[in-house]
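A short write-up of the structure that comes next.
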Amino acid sequence: MKPMNEINMSFPSCSANEGFARAAVSAFVAQLDPTIDEICDIKTAVSEAVTNCIVHAYRNTIGVVYINCRIFENGKVIVKIRDKGCGIANIKQAMQPMFTTSEDERAGLGFAVMESFMDKLHVSSKAGKGTSVTMQKMISKRTGRQEKNGQG
Amino acid sequence: MSVRLIFKDEVLTAVLSGEIDHHSAREIRDEIDSTASKVHPKKLILDFSNVQFMDSSGIGLIMGRYKLMQIWEGSVEIQNLPPNISRIISLAGLEHLCTVRKESRNETDE
């Protein structure tokens, strides 16, 4: 299926951009008229994925974070967040709740949050090459949503 | 993001406002810890009434303050938790470490 709209953005992995990234994705997804809860879920998941790029992929260095977001007529949202950082040697282990390689104060819940707040999560990674996280969520159809460009 | 600290009757209340993520968590942590390590409160109350967003960095922040308070056997309480943030708090199971109140202490005591 062809997306009805799509955005691509890239930015340096500075922590100040975490807020920008989730705000930008949520502003784009707003075209599907999501509920406050749905927007909050997407914002949180994006924040987790971007934070992973900053804290883990590009630890002690600044690299580029790439975000692609596509929205579909049926309410589907696909967000892909990609980096060219250190990569994850053991994805299964990295996705375990409470697992973290950071000595900083991290809960190790990033992937658990993405999994729980989105419908689907796919992670692919190559050590030394980078990581790509693809998340999918269905925005529920609400009564009157189809007429949102019409009256009221 | 900002933190307002109130110390009264051995209780340190940190009124948080804005968005809590990896970027802002460090500043919040430093502000709370510098005061808490001086006054050694019996209880640390984290007030979320003005928090618009929190990701798992906030979980790390709460767990870290719990560990700090443990040093002098103090406790941590979370109050005025907005519904969108309570989900991530329960996902992390923080209600096992801290008292979680949807309202503030004064409202629930009545």
- Message: Can you report the number of residues in the stretch A:27-54 which are farther than 18 Å from residue A:106 by Cβ, more than 7 Å from chain B (Cβ to nearest Cβ) and buried (at least 19 other Cβ atoms within 10 Å of the Cβ)?
- Response: 8
- Item | Options A:26, A:47: the member that is over 30 Å from residue A:90 (Cα atoms) and of a type outside the set (A, V, I, L, M) | A:26
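Among the residues of the stretch A:85-118, which ones are in a loop (DSSP other than H, G, I, E, B), more than 10 Å from chain B (Cβ to nearest Cβ) and surrounded by fewer than 19 Cβ atoms within 10 Å (Cβ to Cβ)? Spell out how you get there, then give the answer.
As a first pass, look at the stretch A:85-118 and keep what is in a loop (DSSP other than H, G, I, E, B): A:85-90, A:95-109, A:118.
Restricting the remaining residues to those that are more than 10 Å from chain B (Cβ to nearest Cβ) gives A:85-90, A:95-96, A:99, A:101, A:103, A:118.
Answer for the stretch A:85-118, where residues must be in a loop (DSSP other than H, G, I, E, B), more than 10 Å from chain B (Cβ to nearest Cβ) and surrounded by fewer than 19 Cβ atoms within 10 Å (Cβ to Cβ): A:87, A:89, A:90, A:95, A:96, A:99, A:101, A:103.
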- Item | In the stretch B:61-74, the residues that are surrounded by fewer than 16 Cβ atoms within 10 Å (Cβ to Cβ) and either modelled with pLDDT under 95 or not acidic (Asp, Glu) (or both) | B:67, B:70, B:71, B:72
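Give the stretch A:1-25 a look and list any residue that's outside any helix (DSSP H, G or I) and of a type outside the set (S, T, N, Q), or say none. Don't jump to the end; show me each part of the working.
Our first condition is that a residue be outside any helix (DSSP H, G or I); within the stretch A:1-25, this holds for A:1-16.
Selection gives A:1, A:2, A:3, A:4, A:6, A:7, A:9, A:11, A:12, A:14, A:16.
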- Message: Among the residues of the stretch A:26-41, are any closer than 14 Å to residue A:51 by Cα, of a type outside the set (Asp, Glu) and assigned to a helix (DSSP H, G or I)?
- Response: no
- Task: Could you run through the stretch A:50-84 and say how many residues are within 20 Å of residue A:118 (Cβ to Cβ), in contact with a Ser or Thr (Cβ under 9 Å, 6 or more places away or on another chain) and not in a strand (DSSP E or B)?
- Result: 9
- Matching residues in the stretch B:39-93 - criterion: being of a type in the set (Gly, Ala, Ser) and either in contact (Cβ under 8 Å) with a residue 24 or more places away in the chain or away from chain A (no Cβ under 14 Å) (or both): B:49, B:56, B:57, B:58, B:60, B:64, B:74, B:75, B:92
- Task: Might you check whether a residue that is surrounded by 14 or more Cβ atoms within 10 Å (Cβ to Cβ) and within 14 Å of chain A (Cβ to nearest Cβ) occurs anywhere in the stretch B:99-110?
- Result: no
- Note on the structure: Flagged in the stretch B:38-89 as over 10 Å from the mean Cα position of the chain (by Cα) and assigned to a strand (DSSP E or B), in numbering order, are B:43, B:49, B:50, B:51, B:52, B:53, B:54, B:75
- All but one of (1) more than 11 Å from every other protein chain (Cβ to nearest Cβ); (2) in contact with a helix residue (DSSP H, G or I) (Cβ under 9 Å, 6 or more places away or on another chain) hold for residue A:70; which doesn't? (2)
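The values are calculated or read from the model by the stated rules, or taken from the named source; none is laboratory data. Note that the coordinates shown come from a computational prediction; the quantities given were computed from them, not determined experimentally. A quick note on method: Cβ atoms are made from the backbone with ideal geometry, for glycine too, and the neighbour counts reach across all protein chains shown.
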